[in-house]
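The next block holds one structure in the form of structure tokens; read it before the comments.
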Amino acid sequence: MASMERNRGTQPERWILVTGGAGYIGSHTVLQLLTQGYFVVILDNLVNSCEEAVHRVRKLVGELGQNLNFFQGDLCNVEDVHKVFKMHRFEAVIHFAGLKAVGESTSKPLLYYNNNLISTINLMDVMSKNNCKNLVFSSSATVYGQPESVPCTEDYPLQATNPYGRTKLMNEEIMRDIHHADSEWKIILLRYFNPVGCHPSGEIGEDPVGYPNNLMPFVQQVAVGRRESLTVFGHDYDTRDGTGVRDYIHVMDLASGHTKALDKLFTTPDIGCATYNLGTGRGTTVLEIVAAFEKASGKKIPLHFEGRRPGDSCAVYASTERAEKELGWRAKFGITEMCRDQWNWAKKNPYGYHCEEREVPAHKPVRDSSGHWTP
């Protein structure tokens with residue numbers, strides 16, 4: 001372990017474990033943590049991520065890259081977790097790791113329950129044994145299911161409608177139970193909606209394997225010629241243009257929200273187990289996203305309209321007042337910046353972190369009620 005003094009001064013090092021830190025949101029959060037003076041270890045099994053993202057984060061932060069370590073391991077293998085905790089004394093953990101495709105969770109529920117729950121149980125067990133009881137959990141707005149009204153507040157009824165969402169909700173319940181049994185635990189649950197965009201450098205971004213699970217990556221793949229058109233399900237909703245409304249948030253704002261949550265853990269002894277929405281507080285339609293991306297890229301996005309899928313929600317977006325008041329956080333970027341940065345990433349990395357197209361399923365994807373694309 002490195003010396004216990006920060007390179008920048010006399011404050012002690014604060015080592016943070018980031019599970020899933022090589023992924024889309026994780027890599028942007030790791031970059032933010034490093035620039036804020038934290039020391040970071042990434043634990044990632046690279047199933048849905050790429051180590052190249054770690055290398056690029058190091059490149060972006062320059063000398064601060066020496067404060068980042070990477071360990072390839074699986075949270076479902078408790079020995080891997082023990083090994084990481086033997087390497088460093090962690091002050092806190094940010095937990096991103098988990099499978100996240102809504103459609104896949106519906107067809108393979110056991111895979112999702114096994115992976116997403118066992119990984120959390122192993123992690124928190126080892127954290128407890130090492131007296132590391134500060135945790136920021138990457139939850140999801142899917143725990144709200146199909147809300148009867150918007151914007152969603154943190155006190156809304158929880159009613160996940162698919163196995164992926166239920167694993168997020170079950171993990172939240174596990175964490176609430178653990179805190180109830182042991183008040184030394186300080187936990188923040190962050191529920192967020194539709195992350196988009198990337199670091200303005202275009203060096204790191206979202207790199208889905210196969211068909212994208214979210215709207216924006218699919219739009220960008222049409223723009224770079226990897227897909228012929230975008231299928232929009234439902235264009236007769238009671239919205240501004242007939243298409244569904246969602247809360248899109250720039251991934252850099254999301255990364256900032258995680259660092260603010262971490263700061264809150266360290267400065268609030270009685271935080272308990274708290275929940276915050278991270279979003280913009282406003283909704284954007286599918287067609288508004290497409291129009292903004294066309295403007296940013298100068299590319300026409302061909303559209304194919306189909307009927308609504310059963311159970312689709314008309315509009316889902318967040319109330320962010322609690323995060324603004326208690327975390328001192330609010331989203332800074334709008335759709336224009338989201339699309340600008342997404343296009344910068346796409347044109348520099350049309351095949352993501354890989355130099356050529358990877359094998360993808362040949363059949364047509366569909367989009368579920370949460371805006372996720374399912375193979």
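Descriptive notes on the structure:
- Taking the protein heavy atoms of the chain in the context of the full set of protein chains, the accessible area attributed to carbon and sulfur is 48 percent at 1.4 Å.
- If both residues of a DSSP beta bridge must be in the chain, then about 10% of such bridges are antiparallel.
- Computed magnitude of the charge dipole of the chain (debye, nearest 20; Cβ of K, R +1, Cβ of D, E -1): 560
- All aspartates and glutamates inside 19 Å of K299 as judged from Cα atoms, apart from same-chain residues fewer than 8 positions distant: E228, E288, E337, D341
- Put simply, when 167-174, 187-194 are sorted by average Cβ atoms within 10 angstrom per residue, most first, you get 187-194, 167-174.
- Scalar couplings 3J(HN,Hα) for the range 327-333, obtained by applying the Karplus form with A = 6.51, B = -1.76, C = 1.60 to θ = phi - 60°, are 9, x, 10, 8, 5, 9, 9 Hz; x denotes Gly and Pro.
- Averaging the Cα positions of each part gives two centres, and for the range 78-131 and the range 253-280 these lie 20 Å apart.
- In the chain, Cα pairs under 8 Å separated by at least six residues give a relative contact order of 19 percent.
- The residues of the chain present an accessible area of 42 Å² per residue when probed at 1.4 Å with all protein chains retained.
- Other residues whose C-beta falls under 9 angstrom from the C-beta of Y164 contribute a net charge of +2, scoring Lys and Arg +1 and Asp and Glu -1.
- Rounded to the nearest 5, the antiparallel percentage of DSSP beta bridges internal to the range 192-349 is 15%.
- Listed pairs K186/K260; K108/K300; K300/K347 exceeding 24 Å between Cα atoms: K108/K300
- Proximal charge balance of L75 [Cβ under 13 Å; K/R count +1, D/E count -1]: -4
- Residue-averaged [θ]222 nm for the chain, counting only DSSP H segments that reach four residues, each worth -39500 (n - 2.57): -11000 deg cm²/dmol
- Farthest toward positive dipole pole in the chain [+1 Lys/Arg, -1 Asp/Glu at C-beta], among L169, F39, H199: H199
- Note on the range 78-184: dipole from Cβ charges, positive end direction compared against P157, S138, N116; the farthest Cα belongs to N116.
The values are calculated or read from the model by the stated rules, or taken from the named source; none is laboratory data. Every value quoted in this text rests on a predicted model; they were computed, and no experiment measured them. All Cβ positions, even for glycine, are placed from backbone atoms using ideal geometry, and neighbour counts span all protein chains on display. What goes into the accessible areas is simple: the full protein's heavy atoms, side chains included, and nothing from ligands, DNA or RNA. Shrake-Rupley method; radii C 1.70, N 1.55, O 1.52, S 1.80 Å.
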